[in-house]
Amino acid sequence: MGGNGELTRLLLRHGALLDVSDLDGRTCIHITVQADQEQRLAALLHHPGARALIDARDAKGLTAYHYSLLSALSASQKLLAAGADRKIPMPPGEFRDRVLDKEDSRLASHRVLDAKLKEDLLRK
């Protein structure tokens, strides 16, 4: 889950390019977020060239921040702290539906926890 941040820093110090993308238009930041590589993401975001890529859209119109919304790690906070724009609209489609489903589940879980907490407080 961590990714290899030290190796990434070494590669960047020796001239590894950030501004390349795969056939799907995903940058190294997109791919790192999707792979849940937290240390590697931190190393990439500390590189001066990362700012130019942080809001890049892939072929589906998605940014790394969009992918972070389905990630188990704290990628969304790291991306926002590095300057990602969370107001870039997410294109309609299956991915957006998955994000909305996850958010609905998260909110439902919070409602259940809030109700249990309220019950516990009323018993005291």
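Only counting other Cβ atoms within 10 Å, I'd like Ser68, Ser74 sorted with the fewest neighbours first. Spell out each step's value before the answer.
Details: Ser68 24, Ser74 13.
Ordered by Cβ neighbours within 10 Å, fewest first: Ser74, Ser68.
Show me, for region 26-43, the HN-Hα J-couplings you get by feeding each phi into the Karplus relation (A = 6.51, B = -1.76, C = 1.60, θ = phi - 60°), rounded to Hz, glycine and proline as x.
7, 8, 4, 5, 4, 5, 5, 5, 4, 8, 6, 9, 4, 5, 5, 4, 4, 5
Per residue of region 97-102, in order, report the coupling 6.51 cos²θ - 1.76 cosθ + 1.60 (Karplus, θ = phi - 60°) as ³J(HN,Hα) in whole Hz, putting x for Gly and Pro.
4, 5, 5, 5, 5, 5
Search the structure for amide H atoms under 5 Å from the amide H of Gly25, placed 1.01 Å from N in the peptide plane, and list their residues when 5 or more places away or on another chain.
The answer is Ala59.
At what distance in nm do the modelled label points of Ala16 and Arg57 sit from each other, each positioned 7 Å from its Cα along Cα→Cβ?
Spacing of the two 7 Å Cα→Cβ label points: 2.8 nm.
In debye, nearest 20: dipole of region 5-89 around its Cα centre with unit charges on the Cβ of K, R (+) and D, E (-)?
180
Every number here is computed from the coordinates shown, using simple stated rules; none is lab data. Given the structure is predicted, the values throughout are model-derived calculations rather than measurements. When we count neighbours, we look across all protein chains shown, and the Cβ atoms used for this are built from the backbone with ideal geometry, even at glycine.
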